[in-house]
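Okay, so here's the structure we're looking at.
The values are calculated or read from the model by the stated rules, or taken from the named source; none is laboratory data. Bear in mind the structure is a predicted one, so any value in this text is a computation, not a measurement. We place every Cβ from the backbone using ideal geometry, glycine too, and count neighbours over all the protein chains shown.
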Amino acid sequence: MIRNLAFAALTLVTLVSAAAADDERPKLKAQAIVTGAIVRIGDLVEHAGIIAKVPIFRAPDLGETGTVPAEAVVEAVRRYELIGLDTGDVSEVTVTRASRAIPSEVVEQSVAQALAAQYALGPAKDIVVKFDRELRTIQVEPSATGNPRVAFVNYDPRSGRFNATLDVPTGATTHGNLRLSGNATATAEVVTLARAVERGEVLKQSDLVVERRPRIEIGANIVGSIDRAVGLAARVPLGIGQTLRAADLMKPEIVQHNETVTLIYEMPGIRLTVRGKATEGGAEGDVIGVLNEQSKRVVQGVVVGAGRVLIRREAPQLAANLPSGQ
């Protein structure tokens, strides 16, 4: 009985030792992330031992991913006598070069901020920057900190052309220069028309679009927000895409030309109403002409509501009493 127990224990120890040895065998990885320009054996092989730091391949570019066939890895490590490399079912190893991404928007913002500060172009958020060549995301070492800084910028206000040199952090202690050129335009938000409207049409929110236009093309008295235009009427016919100005808008006409209206005469203690015909259209508060259909005279009154025009007069003054005897 004791002999059987001893044999079982010895068998268990052997199996455990074999399993542990199997776990420590060199194994090919399916994926690897490297942080330098060189791929080392230990990046591709688990339990590579003393040769783990030996370089064997060139790494992909920063932020890029490449693949290495399993056969190429086996061939590359053969000279280092790595015994028992287990490739399993891995046919190729995916290798990614770690990086920190600096989006093109960050570079664009840096240039806009420098132009705003040095050339008084208004807020940086209102400056549209377009580079001569497409600017892609910049990949730098993961250890790089901070954002690009504009070291030099030159701008021609007449043409809008600029040249800039940026200092870009590329590593923990390294920097590089990025030279850029393009056009920069100071813009402002304007309200434009999504469709053509006729004179007197009342504008709805769906009729209006906010766009950015070059500030030099805008001029004065523009309508800068949709809220300032909704509910007002076009004073003149307006075309699609047209920039709205304050002079283009008016209060909606609530009395139309040739419309039959109620003409109200008011004076202290007296209120009379008669029928009239508007000789012109008008919004609330406008002074318009109305034909009094009884007297056939055109009088001027204030539009006070839909189809209502008010004429307010002071009480007539009585002649002063003459002295007695005269």
* To do: Scan (1) surrounded by 12 or more Cβ atoms within 10 Å (Cβ to Cβ); (2) under 24 Å from the mean Cα position of the chain (by Cα); (3) modelled with pLDDT under 90 for the single condition Arg235 breaks and write down its number.
  => (2)
* **Only listed residue being on the phi > 0 side of the Ramachandran plot, surrounded by fewer than 16 Cβ atoms within 10 Å (Cβ to Cβ) and outside the structural domain of Leu121 (by TED's automatic domain parsing), chosen from Lys204, Lys296** => Lys296
* Single unsatisfied condition, Thr96 versus (1) modelled with pLDDT of 95 or more; (2) on the phi > 0 side of the Ramachandran plot -> (2)
* Does Gly84 satisfy the criteria of being surrounded by fewer than 14 Cβ atoms within 10 Å (Cβ to Cβ) and either outside the structural domain of Ala164 (by TED's automatic domain parsing) or β-branched (Val, Ile, Thr) (or both)? -> yes
* Structure fact -> Every listed condition ((1) in a loop (DSSP other than H, G, I, E, B); (2) modelled with pLDDT of 90 or more; (3) under 30 Å from Arg212 (Cβ atoms)) holds for Gly224 save (2)
* Asked: Can you name the residue in the stretch 207-221 that is at pLDDT 90 or above and hydrophobic (A, V, I, L, M, F, W, C) and, of all such residues, is surrounded by the fewest Cβ atoms within 10 Å (Cβ to Cβ)?
  -> Val210
* Asked: Residue check: is Val230 outside the structural domain of Gly282 (by TED's automatic domain parsing), in a strand (DSSP E or B), aliphatic (A, V, I, L, M) and without any contact (Cβ under 8 Å) to a residue 60 or more places away in the chain?
  -> no
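For Asn163, are the conditions met, namely being more than 30 Å from Gly63 (Cα to Cα), loosely packed, with under 15 Cβ neighbours inside 10 Å and at pLDDT 95 or above?
For Asn163, the condition - more than 30 Å from Gly63 (Cα to Cα), loosely packed, with under 15 Cβ neighbours inside 10 Å and at pLDDT 95 or above - is not met.
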* **Gly176 vs. criteria assigned to a strand (DSSP E or B), of a type outside the set (Val, Ile, Thr) and closer than 30 Å to Thr35 by Cα** => yes
* Asked: When residues of the stretch 30-42 are filtered for being in a strand (DSSP E or B) and more than 18 Å from Pro69 (Cβ to Cβ), how many remain?
  -> 2
